[in-house]
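Presented below is the structure to which this report refers.
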Amino acid sequence: MNQRAPEKVIPFAPSPREQQQRQNDGDPLDRSGQAIVSMLQDAVDVAKQNCERAMDIAHKLSLKLREAEDRVAQLEGDIRHYQERAARAEKWMHRIHSEIEDRFFKDGGGGPVNGSGRR
């Protein structure tokens, strides 16, 4: 019978990343570079959070501004309405004044006319 000798088991070689990590662990320059890259990533994360927060605040303020603009438009409509009413009231006051002048003071400023048409 043919017996073969068991093959020698060879462990997998570490990945290039693991090899680089092992090599970088000892070098202070590489550790510093990794620390800087890590801090940059942290800064990016904080900047993203700040940007999202700013966008949320801007959105809320935009909604409030739109509400305020709608309210201003409503109040401007109210102003026009009341200005028109005031103008109509002034016309009525002028008409009433003219009627009083015509009916009571038309004849050269004499006294008021009594019910019989005499002064």
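The values are calculated or read from the model by the stated rules, or taken from the named source; none is laboratory data. Just so we're clear, the structure is a prediction, and the values are computed from it rather than from any experiment. Every residue, glycine as well, gets a Cβ built from its backbone with ideal geometry; the counts of neighbours run over all protein chains shown.
Here is how the numbers come out for the structure above:
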{"quantity": "Breaking point among (1) acidic (Asp, Glu); (2) at pLDDT 95 or above; (3) over 36 Å from the mean Cα position of the chain (by Cα), for Glu52", "calculated": "(3)"}
{"quantity": "So Ala54, is it among the small types (Gly, Ala, Ser) and within 30 Å of Arg17 (Cα to Cα)", "calculated": "no"}
{"quantity": "Residue among Asp30, Asp102, Asp45 that alone is surrounded by fewer than 10 Cβ atoms within 10 Å (Cβ to Cβ), in a helix (DSSP H, G or I) and modelled with pLDDT of 70 or more", "calculated": "Asp102"}
